[in-house]
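**Student:** Dumping the structure here so I can ask a few things about it.
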Amino acid sequence: MLENNMMERLGILAESAKYDVSCASSGVEKKNTGSMGNAAACGICHTWSADGRCVSLLKTLMSNDCVYDCAYCINRSSNDIVRTSFTPEEIAQITMAFYRRNYIEGLFLSSAVEINPNHTMEKILKVLTLLRHEHRFSGYIHVKAIPGADQMLIYQAGLLADRMSVNIELPSESSLKLLAPQKQSQKIFLPMAQIRESIIRAKEEKRHYMSAPSFVPAGQSTQMIVGATQDSDRSILLTSEKLYKTFNMKRVYYSAYMPVNKGKNLPDILTAPPLIREHRLYQADWLLRFYRFSAEEILSEKESNFDLDYDPKFHWAINNMHLFPMEINKVSYSDLLRIPGIGPTSAGRIIKQRHLIKVGFEDLPKMGVVAKRARYFITCDGKFFGIKSFDIASIKNAVNPIPKHTQLSFF
Amino acid sequence: MIYLYDGQFDGFLTCIYHHYYDEKCDGIYEEKTYDPKLFEITRFIKTDSDKSTKVHQAMLDQFSEYMYFNIYHTFLSNIYDKDTMLLNCLEIAFKHGLATDRMRTLDAIFQVLKIGRQVGFEKHRFMGLLRFSDLGHYLYARFEPDHNIISLLGEHFSDRFREEKFIIHDVRRAIAIIGHKGQWLVTDFNHIVDDNLLDEEIFFRKLWQTYFDKIAIEDRTNLKLQQNFIPKKYRKHLLEFGANTNKSI
């Protein structure tokens with residue numbers, strides 16, 4: 001039962017899966033209805049790997065033997081790597097063994113397209129069936145919907161999984177043509193639309209019958225690669241906004257491109273991954289989801305990329321100085337959210353307290369406000385605590401001073 | 001006047017009862033750990049479940065759930081004068097009821113919210129960081145939390161492992177949760193669990209370590225970030241950070 005090369009194969013298939021960013025186990029709260037497992041809405045991280053990313057789910061591929069030859073992917077068919085796969089029984093066995101020991105919060109199963117999409121999706125569905133019905137596993141499962149697979153298979157999987165995702169990978173049709181000519185954006189959007197429809201229908205049915213089955217209760221997510229093509233930050237952000245609006249995505253993930261392959265349409269193999277750019281995209285993504293910003297506000301038509309020295313919210317505030325300073329005892333919740341250094345939690349606390357007592361500057365750290373950032377943009381009960389000259393250059397310098405001396409490079 | 005009590009939540013609540021209906025006190029401490037001061041007069045309050053129930057019911061009636069949990073979490077913390085902090089907080093909270101939620105910036109309230117959050121966060125952390133070993137008849141996990149959070153973990157794990165027998169052992173405080181078929185209790189626990197592991201257990205431990213090493217992207221290695229999330233004090237019982245694979249963890 002415990003085959004020796006299982007260790008080797010898990011090594012290979014986990015390594016192939018590691019560029020998938022998503023590892024969230026959040027978004028669904030459920031009690032144990034089977035024999036083992038439950039889920040917490042906040043999600044639970046079980047450990048953190050050496051790159052500082054949280055490990056919450058057992059993230060692995062079913063197989064890395066792919067028929068596609070996407071330029072950016074480590075598993076592309078033209079790469080000379082060891083090809084291997086798990087059987088559905090093996091995946092279910094490892095998942096249960098890890099889960100019992102509390103190593104993981106659930107399973108994230110993805111796969112290379114082996115033989116054809118239907119064959120791959122059938123194997124994924126088999127894992128889901130084994131875990132849910134045979135092992136009566138009630139914990140978190142995230143599976144990939146394979147574009148091009150039969151609608152019925154995707155529907156069946158959605159009834160058993162907690163989250164499903166289809167990776168869009170590249171933000172524009174033209175990039176897709178360049179790097180993944182075998183994939184078509186229409187084929188990627190099809191399962192996304194199907195999942196959205198089924199979620200809406202399942203929610204509607206639940207309103208009438210308590211016992212109606214739920215469909216992908218933790219919603220769907222997707223992922224985009226940053227830096228493999230010439231796409232600007234603005235076009236990536238506009239694509240994300242569209243994904244959130246049209247497909248009710250729970251999350252869009254961004255992954256800084258790691259040059260794993262050589263290719264004429266790819267960045268040089270020595271290019272450093274654009275980590276700061278990825279970070280700025282996540283910050284902007286948060287502004288879209290929790291701060292009531294629109295993509296057009298964050299990056300207007302004039303600018304196509306983020307300022308790497310300042311975060312997008314600060315950047316927006318500096319460009320809209322006519323709106324500031326704001327009086328924190330008067331402005332609305334959505335205006336509070338626009339002040340750098342204030343977030344949804346601290347804005348909520350300010351609103352709560354100001355019904356009772358005025359909020360003073362000394363209260364701000366206790367509210368969770370980053371006062372050293374917010375001070376240039378607010379007044380507390382009419383008093384301003386920023387610097388004397390209310391001009392952009394001095395605020396910029398106060399928040400992120402340019403070092404006076406820099407080390408000269410020898411080379 | 002300083003009240004001393006036996007360390008149980010009921011004991012603490014009895015002290016609060018006496019503070020209101022008997023004699024006002026200036027501080028409350030656990031008897032075992034109390035560090036006597038020169039001019040302080042102390043009195044030991046015997047736990048009385050009638051009195052504590054009354055105070056407890058009043059808390060449930062008058063406080064928001066948010067406030068109640070922060071108070072209870074603070075009680076579980078390992079901070080020396082937490083009970084006196086709670087006394088100060090409760091005086092305000094019993095006066096203002098639900099409006100206390102809007103008084104975050106008052107020092108007496110803020111302290112409790114801050115510590116309550118820390119305790120809640122440690123509980124959340126250990127929901128992920130506990131590691132069970134399959135010892136044949138039951139699952140066993142050992143841990144050393146800063147705060148006394150063991151009772152907060154019972155419900156989560158007994159629901160999760162509904163058809164299992166399991167023990168969660170707080171080594172520092174010599175207490176444990178014993179869980180069996182969806183029911184659980186906290187009890188004193190001094191047994192030393194033997195280290196004869198099954199082959200299957202060792203196999204899955206090694207498999208987990210392999211997985212852990214492979215899932216990291218080398219080009220993004222960031223040990224500082226890793227340490228922010230998982231400080232060294234929590235690594236002692238984690239296989240992936242070098243705990244002995246052949247012994248129970």
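**Student:** For B:ALA141, state whether it is surrounded by fewer than 17 Cβ atoms within 10 Å (Cβ to Cβ) and either at pLDDT 95 or above or facing another protein chain (nearest Cβ under 9 Å) (or both).
**Tutor:** Criteria not met by B:ALA141.
**Student:** Looking only at the stretch B:156-185, which residues are closer than 21 Å to A:GLY37 by Cβ, open to solvent by 10 Å² or more (accessible area, probe 1.4 Å) and more than 10 Å from chain A (Cβ to nearest Cβ)?
**Tutor:** Matches in the stretch B:156-185: B:LYS165, B:ILE167, B:ILE178, B:HIS180, B:LYS181, B:GLN183, B:TRP184.
**Student:** For the stretch A:309-364, which helices (runs of 4 or more DSSP H) that fit wholly inside it have 3 or more residues that are open to solvent by less than 30 Å² (accessible area, probe 1.4 Å) and under 15 Å from A:ILE392 (Cα atoms)?
**Tutor:** Ranges flagged: A:312-319.
**Student:** If you don't mind, there's one more thing I want to ask. Which of the residues spanning the stretch A:292-306 are surrounded by 14 or more Cβ atoms within 10 Å (Cβ to Cβ) and under 14 Å from A:ARG234 (Cβ atoms)?
**Tutor:** Across the stretch A:292-306, the qualifying residues are A:PHE293, A:ALA295, A:GLU297, A:ILE298, A:LEU299, A:GLU303, A:PHE306.
**Student:** In addition: Within the stretch A:254-273, how many residues turn out to be crowded, with 18+ Cβ neighbours inside 10 Å and farther than 23 Å from A:SER78 by Cβ?
**Tutor:** 2
**Student:** If you go through the stretch A:14-31, how many residues are open to solvent by less than 10 Å² (accessible area, probe 1.4 Å) and at the interface with another protein chain (Cβ under 9 Å from one of its Cβ atoms)?
**Tutor:** Total meeting the criteria: 3.
**Student:** Among the residues of the stretch A:39-50, write down those that are touching a helix residue (DSSP H, G or I) at 6+ places or on another chain (Cβ under 8 Å) and open to solvent by less than 10 Å² (accessible area, probe 1.4 Å).
**Tutor:** Once the filter is applied, which keeps residues that are touching a helix residue (DSSP H, G or I) at 6+ places or on another chain (Cβ under 8 Å) and open to solvent by less than 10 Å² (accessible area, probe 1.4 Å), the stretch A:39-50 yields A:ILE44, A:HIS46, A:THR47, A:SER49.
**Student:** Restricting to the stretch B:187-202, what's the tally of residues that are within 23 Å of B:GLN8 (Cβ to Cβ) and assigned to a helix (DSSP H, G or I)?
**Tutor:** The total comes to 0.
**Student:** Related question: Six or more apart or on different chains, Cβ atoms under 8 Å: show the pairs whose first residue is in the stretch A:103-124 and outside the structural domain of A:LEU58 (by TED's automatic domain parsing) and whose second is not in a strand (DSSP E or B).
**Tutor:** Within 8 Å, no pair qualifies.
**Student:** Somewhere in the stretch A:68-81, is a residue open to solvent by 30 Å² or more (accessible area, probe 1.4 Å) and within 30 Å of A:GLU134 (Cα to Cα)?
**Tutor:** no
**Student:** In the stretch B:58-83, which residue that is surrounded by fewer than 16 Cβ atoms within 10 Å (Cβ to Cβ) and within 17 Å of B:LEU106 (Cβ to Cβ) is nearest to the chain's Cα centre (by Cα)?
**Tutor:** Step by step, filter the stretch B:58-83, then rank; the result is B:TYR66.
**Student:** Checking A:CYS42 against (1) facing chain B (nearest Cβ under 9 Å); (2) modelled with pLDDT of 85 or more; (3) farther than 27 Å from B:PHE157 by Cα, which test does it fail?
**Tutor:** (3)
**Student:** Also, I was wondering about something else. Cβ-Cβ distance below 6 Å, separation of 6 or more or different chains: which pairs start in the stretch B:186-198 with a residue that is under 20 Å from B:ALA243 (Cβ atoms) and end on one that is at pLDDT below 80 and not in a strand (DSSP E or B)?
**Tutor:** Correct list of pairs: B:VAL193/B:SER248; B:ASP195/B:LYS247; B:ASP195/B:SER248.
The values are calculated or read from the model by the stated rules, or taken from the named source; none is laboratory data. Since this is a predicted model, take the numbers as computed values, not measurements. Using ideal geometry, Cβ is built from the backbone for each residue, glycine included, and neighbour counts are taken over all protein chains shown. For accessibility, only protein heavy atoms count, side chains too; no ligands or nucleic acids. Shrake-Rupley method; radii C 1.70, N 1.55, O 1.52, S 1.80 Å.
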